[in-house]
Structure formats: structure tokens, C-alpha cells
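Engineer: First the structure, then my questions, so here it is.
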2 protein chains.
Amino acid sequence: MFEQHPYGKLISEYIQNAEYPKQPADLYDPIKYILSLSGKRIRPILVLMGAKLFGIDNLQEAIPASIAIEYFHNFSLIHDDIMDRAPLRRGKETVHQKWNDNVAILSGDALLVKAYKELGKSPSDRIPSLLDVFNKIALEVCEGQQLDMDFEKISNVSEDDYLNMIRLKTSVLLGGALQMGAILAHADKEQQQLIYDFGVNLGIAFQLQDDYLDVYGDPETFGKQVGGDILCNKKTILRIKTEQLVDSEAREELAELINFDTIADAEKVSRMKNLYAKFEVDRYAEEIKSRYMELAYNKLDAIAVSEAQKAELRKLADTLMHRTR
Amino acid sequence: MFEQHPYGKLISEYIQNAEYPKQPADLYDPIKYILSLSGKRIRPILVLMGAKLFGIDNLQEAIPASIAIEYFHNFSLIHDDIMDRAPLRRGKETVHQKWNDNVAILSGDALLVKAYKELGKSPSDRIPSLLDVFNKIALEVCEGQQLDMDFEKISNVSEDDYLNMIRLKTSVLLGGALQMGAILAHADKEQQQLIYDFGVNLGIAFQLQDDYLDVYGDPETFGKQVGGDILCNKKTILRIKTEQLVDSEAREELAELINFDTIADAEKVSRMKNLYAKFEVDRYAEEIKSRYMELAYNKLDAIAVSEAQKAELRKLADTLMHRTR
């Protein structure tokens, strides 16, 4: 859907037409490369939708901030992929894999600076507020990534800790993108907070749904290997909730599944799903997802613009949440 | 000298009193650590001096931008040290050595964002201009670091390429720091350009002097191992100029010194110094350094403020250039 959205096309066009110095090639080629892998451009679209929601006169004024958000997102992908030793991103080689770690570190840094450079092309009177929001969410995304790495090493991650981590790592960027759009359209602080909260809650619901679909999604449409999170022992909401609920017998089963690497993939997934079913954590995940979704819609309802103006954002939220892949 | 400068104390105090979230510790502890290694604080002092030069009313208004420059400098040290595999910085373990690469990447990123956060505390009406300058120099520093790494791998680095690299990697930050001070004091574009050019030329002269002192400095006062650049085959102005001037006999001698790792350290340094003497590149390095120094002073002369107001900057430049260590 998003690739075809007129805003998505606007953004991709801007990115494709951006000019770069020829030298140093190892600094700029990786930036052009990661941006060409494109992705769904959801975050920059949210900036434009936030601006539109609050009736911005000239949508062009919101383009630099939307590009800043997209650049920031891609900077974080380059650096996260180094830290996670990920070989692939969107089906293509990651930057550190295609070049090397040093190139990935430095071109990531340059892309982060370029994000701020785009932000600086916004209307001057809005730059201080935009910079405040951007800095806040950028630092929170760093905190989220550090917590995510920390959680890999500790055994008892609480549900609250997990929700806080996904809020920081992925959701504040969605909320911040919408808020920046609102700032560009001169929305007041209260309205800014409502649209920010809508985005953050939507983002948390989306991540929870991702955890759910990784286990229960349709293999035909999910796009990733179903059961992938179980196989790599990822601490998802399902796993964390199971750990919280298990009796002593199930605790042993869980420990065996996590620690014995001789169990065949299919068996591991199937036995873990039995545990999930026994403690009904699949239903719990759906429930908590719905709760965040409701929170998000409540915030959207409270925003002081007409229903007609909200239609597009509502459609986007519906599409995101009813996706099966 | 600089540690004792009242501006230096002001800056160190601000940095020491800055508060950090307790968590995630692996994100914020490395930041506190690198900032506590302190260094000379020359760059943030330059912001304050630039502001003072153009008669800023309230020096406090220039503190956030000066902290932004210091944070940026320390971010670049953390990431450069990863890329250079440097074990030590200011005599202490580097961040990637004390923690690990991932911690160094992410805490560096967070420190870069924190630099922008400080910048955002400047008077609102100056933020757009400050952001422009900061973004420009930040990207140039990335370019300089990439060129520096590129130069390690190629055999024929020209003098112009080298001068351009040191300009980007180290000098634009000095010029930019001064310019940001000028912006804070409402100096016009022409005056901004003059003080920027003063800083850039001073920075180039300083780096050329560093190349010279690495070979000819007094071992008692230089602080680093004299001859260190020769031993690690660093492409300094001396080495590059020698390569440009050598006859066929000397070319063989040079190649042997660079490529044979069985030559004892003292012999390598002494034979390389003979080559430098033969082609008088030591004198050339001093000459070209003086040329940049003169350029710098010319720019300072042209600035439209009283000599009395320039005295402090002139003293700083003199101190930097007559240092023996």
C-alpha cells in the first residue's frame, strides 16, 4: 500500500533526486545504497499526514522534516545492523557486510548529520521546536536499542520493561514523525501531544502484532519465516508472558526449549506453541495489542479536527493493524 | 594553559554538572567517561572567544553551542578510535577497549544527538544559523575522516589532497566553533567568514606543526614518542613532500624504509630524517606552516573590532603555535 501512496512517491522522488559529492565514495555510496533499498517510507509519510491532518497550507514545507525522519531511520538501520551482525536487510546485503564495519560506522554518522541538515531546511520559525522533538526521539531510539541489546543478556525481562523498550526503540519515532507534522502545521501543544500519543500507541500495538504474527501468521503472506523468533530465542511478548505464568513443570520444558540446541526446528516451534497455548499467551498478546490500539484510536478521536480530515490516518492505522504479513 | 583558562573551567563545570539518566548504563557511562578525560577544551573555548570578540552581551547564551562543539568532538573521538583500533586516548583506555565496539558505536551516536540537544538550548532566533554551520562542519569532519582512512590505502597522496584532508578532519571544526560564537554575538556574514577563515588556517598550521614536532620536537616536552609518525608510516606533510621530490636513488631508500619491517626503530627514524634533510622538507614544512599562520593572522587583522578585543585570540594563536609539545 505505502509504496503506492502519493506521499510515498513524493518522498522517494526527493530522495532519488538528492545530489551527493562524488568523493569520498566510501562515505556517500553506502548512504545512496541504503536509501535505494527504500522500504515502506511509513515514517516520512506520517510527517506529511500529521501536517495534513492539522491543515498545513503548503505541504512542501513539511518535506524536509519528513526526509530527516527517513534519513534518521536509515542511519539507525545501518548502525543496528552492525551491532546485530545482520547480513541482510530488506533482502539485500547490509552496509557493513557489503563494505565493512568502518564504512558502516562513518556513513551512518554522516547520514545522521544529513538528517539534521534536512531538518534545517524547514521554515526557520519552526526549526527550534522541530529540533527539540527530533533530538528527544533520537536519543530515545538510542536508549531503546541499548535496552534491546541488554535484554538479550539478562534472563528476567519484565513485561513493563519490554513494553518500554519497544516504545523507545520503535514507537516514539512514529509518534515524533506525526508530531513534527503537527508542528509544521502550527498545531498547539495539546494537539501535538494527542497525535504523538496516537503514534506511540499505534507503534506499540504494531510491534506486539509483529510478535504475534511471527508465530501465528500465514506462512504464505507473512514474508518472514514463521516461528523465527522462537528459533532464535527472541524475548517477545509471548515468551515474556509465558515465563511469567509457567508452573514448575512448564518452566523445565521452557528451559529445555531455550537451552538445548539439539532440538529440531519444527519440533521446537511446535512445543513452544503448545506452551503458549497452555498459558493462553496468544490470547493475551491479542488482548494487549487491542488495548494499545484502542488507546491510539481514543487519542485520534480526541484531536480537534473533523472526522473527514482524520480519515486518511484512520485508514493507515487500520491497514497497518489488519495486515497479515 | 587552556585547562586553567576561565572559559575552560566554565565548560568543564557545566559538563561535570550535567545530569544523565541512570539507565541504560552502557549508553551513558561511556559518555560520562570520555567527557571526564577532559582534554584541553580548546574547541568550546573558541566558541566563547568568538562570541566575546564580537561583543556578546551575555556570555551564558554561548555556553550551549560551546558544549555542543565539545560533545561533537568527543563523539568523533569515540568513533575514530573504533575505526583506528586505538587502545588509548589521553593515556586512558578508549571506549571500545574498555567496553566493546557496540557500546562505542551506540554511545557515540547518543553523544552526537546530545550535541544537537545542547545546540537546541541556544537562543531560538540563532538556532537556524547555528544549525546550518554545525551541520556543514559535522559532515566535513566525516568526509575528512573517510579521506584519512582512504589515504592509508593509496600510495600517491598529493600535497593538495593532504591539506584538504586535514582542513576537513580537524580545521573546519575550529573555524566553525569561532563562527558559531560570532553568530551568537550577531556578527554579520562577512565578519563570520573572516573569523571562520582565521580558525581554519590556524587549524591547518597547527596540524602541520604537529607533523613537524613529531619528528623534530623536544622529547622532554613533546609528550608523544618522537618519530612515532615515521615508525607507523604515517603520511605526513614531510613524507608526502619527500615522495614528491625524491630522485631514483632516494626513492629506493624511501621504499626500503617504508616496506622493510626488519629495520630497527632508531635506525628507521634516523635514516628517514636524513632523507628529510637531503630534500629540505623540514624547512618546507616550516615554510608552509608559516604561510597558513600568516593567512590566519591576515584574517584576524581584517576583522572589524578593536585590537584590544582581538588580544585574547591572538594570544591563544601564539600559544598554540609556539608550543613545543
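Engineer: Quick one: label points 7 angstrom along Cα→Cβ at A:Phe260, distances to the other copies in nm, smallest first?
Structural biologist: Those label-point separations list as 6.4 nm.
Engineer: Using alpha carbon centroids, what distance separates segment A:258-325 and segment B:72-120, in Å?
Structural biologist: Comparing the Cα centres of segment A:258-325 and segment B:72-120, I get a distance of 37 Å.
Engineer: Now, a different point. Along Cα→Cβ at 7 Å, what distances in nm separate the A:Pro87 label point from those on the other copies, shortest first?
Structural biologist: Its label point is 3.3 nm from the equivalent points in the other copies.
Engineer: What residues from segment B:286-325 fall in the zone where the backbone N is under 13 Å from a label point 7 Å along the Cα-to-C-beta line of B:Thr221?
Structural biologist: Answer for this model: B:319-325.
Engineer: If each residue of separation counts as 0.36 nm, what is the full-extension length gain between B:Asp132 and B:Glu294 once their alpha-carbon separation is subtracted?
Structural biologist: 55.5 nm
Engineer: In addition: When only alpha-carbon atoms are used, what values of Rg and Dmax, in angstrom, describe segment A:1-150?
Structural biologist: 15.4, 45
Engineer: Check B:Arg89: other-chain or 5+ apart residues with amide H under 5 Å from its amide H, H built from backbone geometry?
Structural biologist: Under 5 Å from the amide H of B:Arg89: B:Thr94.
Engineer: Above 30 Å lies some portion of the pair distances; for chain A, what is it as a whole percent of all C-alpha pairs?
Structural biologist: 38 percent
Engineer: If you don't mind, there's one more thing I want to ask. For the charge dipole of the protein assembly as shown, defined by +1 on Lys and Arg C-beta atoms and -1 on Asp and Glu C-beta atoms about the Cα centroid, which residue among A:Ser107, A:Pro21, B:Pro87 has the Cα displaced farthest towards the positive pole?
Structural biologist: A:Pro21
Engineer: Which ³J(HN,Hα) values in Hz, rounded to whole numbers, follow from the phi angles of segment A:5-11 under the Karplus curve 6.51 cos²θ - 1.76 cosθ + 1.60, where θ = phi - 60° and Gly and Pro get x?
Structural biologist: 5, x, 5, x, 5, 4, 5
Engineer: Specify which residue in the list B:Thr236, B:Gly217, B:Val246 is farthest towards the positive end of the charge dipole of segment B:214-253, using unit charges on the beta carbon of Lys, Arg (+1) and Asp, Glu (-1), about the Cα centre.
Structural biologist: Of the listed residues, the answer is B:Thr236.
Engineer: If you don't mind, another one. With r defined as the distance between the Cβ atoms of A:Arg271 and A:Tyr20 and R0 fixed at 56 Å, what FRET efficiency is calculated, to the nearest 0.05?
Structural biologist: For R0 = 56 Å, the calculated efficiency reads 0.65.
Engineer: Within the set of other residues whose C-beta is less than 10 Å from the C-beta of A:Met165, count the net charge using Lys and Arg as +1 and Asp and Glu as -1.
Structural biologist: In short, -2.
Engineer: Moving to a separate point now. Could you sort the peptides B:74-84, A:46-56 by per-residue average Cβ neighbour count (10 Å cutoff), highest mean leading?
Structural biologist: So the order, starting with the most tightly packed, is A:46-56, B:74-84.
Engineer: Are there chymotrypsin sites (Phe, Trp or Tyr not before Pro) in segment B:254-292 that DSSP marks as loop and that have at most 13 other Cβ atoms within 10 Å, and which are they?
Structural biologist: Here the sparse-neighbourhood loop sites are B:Phe260.
Engineer: In addition: Given the convex hull over the Cα atoms of segment A:1-87, what projected area results after averaging over all orientations, in nm²?
Structural biologist: 6.6 nm²
Engineer: While we're on this one: Show me, for segment B:61-66, the HN-Hα J-couplings you get by feeding each phi into the Karplus relation (A = 6.51, B = -1.76, C = 1.60, θ = phi - 60°), rounded to Hz, glycine and proline as x.
Structural biologist: So the J values, rounded to whole Hz, are 5, 8, 4, x, 5, 5.
Engineer: For segment A:85-152, report the translational diffusion coefficient in µm²/s to the nearest whole number, using Stokes-Einstein at 25 °C, 0.890 mPa s, and a Kirkwood Rh over Cα pairs.
Structural biologist: For these conditions, the coefficient is 172 µm²/s.
Engineer: I would also like to ask the following. Starting from a label point 7 Å past Cα on the Cβ side, list the distances from B:Asn274 to the same position in the other copies, nm, shortest first.
Structural biologist: Result for B:Asn274, in nm, nearest copy first: 8.1.
Engineer: Where q = 0.06 Å⁻¹, what log10 of I(q)/I(0) comes from the Debye formula for the protein assembly as shown, counting one point per Cα?
Structural biologist: Log10 I(q)/I(0), no solvent term: -0.39.
Engineer: Which whole number gives the average count of other chain Cβ atoms within 10 Å of the Cβ atoms across peptide A:14-23?
Structural biologist: Average neighbour count from other chains, rounded to a whole number: 1.
Engineer: Okay, moving on. About the Cα centre, and with charges only on the beta carbon of Lys, Arg (+1) and Asp, Glu (-1), how big is the dipole of segment B:154-261? Nearest 20 debye, please.
Structural biologist: 520 debye
Engineer: Would you kindly work out the equivalent ellipsoid of segment A:199-325 from its C-alpha gyration tensor and give its semi-axes, the square roots of five times the eigenvalues, largest first in whole Å?
Structural biologist: Those come to 34, 16, 9 Å.
Coordinate-derived values only; no laboratory data. Quick caveat: nothing in here was measured; it's all calculated off a predicted structure. Don't worry about glycine lacking a Cβ; one is built from the backbone with ideal geometry, like all the others, and counts go over all protein chains shown.
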